[in-house]
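Single-structure report; data block below.
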Amino acid sequence: MLVKVFLAVGLVVTIALVTLAWRQTRGEISQLKAAAQDSAEQLAKVIVGNIETTMLQGDGIHVKNQVQRIQLALPDAEVRIYDPRGLEVFGQLPAPPPRSALAAPLVATLSDGQLRVEDGREWRPVANEERCHQCHPAGPALRGVVALTPASTPYAREQVLGELLEDGFVQIMTAEQGGELDSYFAELSARAPGIQAVGVYGVDGSRAFGVDVAGVTSEMISRHLHAAATRTQVPVAGGAIELIPLRMQERCEQCHEPDVPVRGVLAVSLAAVTQPSTRAAELSAMIDTSLRFIMLSSLGRMIGAFLDEVVATGAVSELSLYDADGRTYYTSVPHSAQVHVGAVLATRMAASSFVGASETERVRVVHPLINDAKCARCHGSDLPVRGAVSVSVSTRAAAEARDTAERRALVVIALALVVVLAVLYALLRTLVVSPVRKIGAVADAVGQGQLDVSVSGVHPHGDEMQRLGTRVNEMIRGLRTEFHMRRFVSQSTVDAARGAARATSGRVAAGGERCIATILFTDIRGFTAYSETVQPEAVVEMLNRFLQVQADIVVRYGGDIDKFVGDELMAVFRGVDGAARAVRAAIEMVAAVEQTRLVGETLTVGAGVSTGEVVQGPIGSADRMDFTVIGDVVNIGARLCSAAQGSEVIVSEAVRDACGQLDDVELEEMEALQLKGKRHAFAVYRAKPRRSRQS
């Protein structure tokens, strides 16, 4: 027992040590990961701060250059910037797509630089003019292609042109490029068929940009310079004048007083245009010219916001912008942002996580670019965020250190487990497995009917296995006892004892139950005279020989030997055919005894059979009982047996009725008997084999 306790304690201690080592290793790994993640988050804050500072200067080119410098200075770091839609900006351009993957009109326009209209879609080249060379290489003839599909449903032309003109004006003013406005308005008037003149009037009513628009009076301007002013269209000969109040926005407060609700009025003189082709050309020229001047204002990435405004007007159903190599720079086709970027844009909360594993492991930190007051001057205040910055830093070295620590811990744990299992196996084999096998072998032998086996080497005061072996030996002794007892008592007595063992009280219930049974009695004729002339041992040998053959026949016919009383046998047959089985058994028993006699023996057997209702149950005292059947049927059977001559079987009328017509047994009516205790003569029958069976 001491060894087992020591083994159990050793196993528990080993498991505890292994668990502690594993938890310590996992703790070290968690600390290493936390340190790497914290370092990446700090680096991301510095990078995001520098990018935000550069963005506030209003020059996207500088932001792009700064990102490139960060990549060169930190080879293990990767910086990506996303706009409010989740599209990457300022990033490394992807490889140009093969021309075979592009639409045929796009390829043709990129090749010859000619305007095309195919299947209702316009493909307009964007020329690489000299004024574009400050940002774009001077070699290529084109900077890109604008592809647009006009809306299939009518739209408010004057309102759309006014909204786009206002947005272009705001974009250029936000870039502090007001000196380009006169050129912008002049080029619009020259290229767009319906735009005759554009002028911007300040709060004092004087013209600030563009030209004086014929038909615009100081009274009109003053009427639109207050908070309640709305967009107004004034009909004039040959067209209309669109008057647009320029309301104060956060991005305008850098140049205008914030307490002024309207900072000016934009006046556009529009000629009447009814031809669809002219309207389409006018819209196309408006988009193309506005894109050029927004790009010239060093707000290249802000053209996305302008194109979004174009799509929002409903004047076009689809709009795309391609660069000179056919790469998509902008498209109005809906898209889904990457999950990690989309989540930050939606929640406006920074997030960090590990991506990859081992050599490719990185910590990725995504910071939202909140559209605060300083940023609204370029981005407007329509959206709460103007984008996001993703900084991912390689943590390969930290991952390798963690992997090494984890492998070392696994090796230590594996060695400890091997040692523990080896020791445990040896001890279990000696202390548990061997005794269990020994007990199992004995149990198998008992299962095969061998009750002369026992578990050796056990002691009732030993350990658990020895005590278990002792209990198995006691069980075998109990089985042997029961086996021998069954030879001295009837099967019904055994069944009653088992029922008592299963009962809650553990005692045989008093009383009995009524049932139908057939009772068979046999008795050896001439036994008394025989026993007076031979030795007792010979008498016992003869009794055992005669009773054995009779008992075998009873069992074969499904009867239960109730008792042996000297030379007398009592058997009980139950079931609907019990009477027939009892009669057949009695006939065979008479014949079997005659065949069993030795030379010189003249003993025979007489038998009596009765059937009817009996009471079955325990008879006797509380300490000594006999489970048997009692009743008048039993008495009748005994008396019929007494009346039978040697080798004769007498049955009652009830047995005759219960048997009916039997093919192999003949029931011959005898003279009625006057049985002891009966007032009237009792009808009886002699049972014997039919002649056909004898022959």
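The values are calculated or read from the model by the stated rules, or taken from the named source; none is laboratory data. The structure displayed is predicted, hence computed values, not measured ones. For neighbour counting, all protein chains shown are included, and Cβ atoms are generated from backbone atoms with ideal geometry for every residue, glycine included. For accessibility, only protein heavy atoms count, side chains too; no ligands or nucleic acids. Shrake-Rupley method; radii C 1.70, N 1.55, O 1.52, S 1.80 Å.
One table, with the values for the structure above:
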item	result
Pairs, first within 25 Å of S152 (Cβ to Cβ) in segment 99-126, second open to solvent by 70 Å² or more (accessible area, probe 1.4 Å) and not charged (D, E, K, R), C-beta under 8 Å, six or more apart	A108/Q114; T109/L115; E122/L115; W123/L115; W123/V117; R124/L115; P125/Q114; P125/L115
Test: residue in segment 546-559 that is modelled with pLDDT of 90 or more, among the aliphatic types (A, V, I, L, M), surrounded by fewer than 13 Cβ atoms within 10 Å (Cβ to Cβ) and out of contact with any strand residue (DSSP E or B) (no Cβ under 6 Å at 6 or more places or on another chain)	no
Tally, over segment 673-691, of residues that are on the phi > 0 side of the Ramachandran plot and assigned to a strand (DSSP E or B)	0
Residue in segment 608-626 that is closer than 30 Å to V540 by Cα and touching a Cys at 6+ places or on another chain (Cβ under 6 Å) present	yes
Members of segment 672-689 found to be in contact with a strand residue (DSSP E or B) (Cβ under 8 Å, 6 or more places away or on another chain), farther than 25 Å from T602 by Cα and open to solvent by 20 Å² or more (accessible area, probe 1.4 Å), listed by number	A672, L673, Q674, A681, F682, A683
Single residue of L93, L106 found to be open to solvent by 80 Å² or more (accessible area, probe 1.4 Å) and either out of contact with any helix residue (DSSP H, G or I) (no Cβ under 6 Å at 6 or more places or on another chain) or not hydrophobic (A, V, I, L, M, F, W, C) (or both)	L93
Every pair of residues 6+ apart whose Cβ atoms lie under 9 Å, when the first sits in segment 156-169 and is closer than 21 Å to I294 by Cα and of a type in the set (F, W, Y) while the second is modelled with pLDDT of 80 or more and part of a helix (DSSP H, G or I)	F169/L181; F169/Y184; F169/F185
Unique residue being touching a residue at least 24 places away in the same chain (Cβ under 8 Å), acidic (D, E) and touching a Cys at 6+ places or on another chain (Cβ under 6 Å) when the list is D523, D567, D562	D523
Boolean, G617 is touching a residue at least 40 places away in the same chain (Cβ under 8 Å), closer than 27 Å to A592 by Cβ and crowded, with 17+ Cβ neighbours inside 10 Å	no
Count of segment 352-366 residues which are more than 12 Å from D38 (Cα to Cα), of a type outside the set (A, V, I, L, M, F, W, C) and assigned to a strand (DSSP E or B)	1
Among the residues listed as V576, V609, the single one being without any contact (Cβ under 8 Å) to a residue 24 or more places away in the chain and either open to solvent by 20 Å² or more (accessible area, probe 1.4 Å) or closer than 18 Å to S642 by Cα (or both)	V576
Out of Q42, Q66, sole residue that is at pLDDT 75 or above and of a type outside the set (G, A, S)	Q42
When residues of segment 514-531 are limited to those that are surrounded by 19 or more Cβ atoms within 10 Å (Cβ to Cβ) and of a type in the set (S, T, N, Q), the one farthest from the chain's Cα centre (by Cα)	T522
In segment 631-666, the residues that are open to solvent by 20 Å² or more (accessible area, probe 1.4 Å), over 24 Å from T528 (Cβ atoms), in contact (Cβ under 8 Å) with a residue 40 or more places away in the chain and not in a loop (DSSP other than H, G, I, E, B)	A654, A658
Condition met for T493 (of a type in the set (V, I, T), touching a Pro at 6+ places or on another chain (Cβ under 8 Å), modelled with pLDDT under 90 and in a helix (DSSP H, G or I))	no
Residue in segment 578-593 that is closer than 14 Å to R525 by Cα, assigned to a helix (DSSP H, G or I), among the β-branched types (V, I, T) and modelled with pLDDT of 90 or more present	yes
Residues of segment 68-105 that turn out to be more than 43 Å from the chain's Cα centre (by Cα), of a type in the set (K, R) and part of a loop (DSSP other than H, G, I, E, B), as a count	0
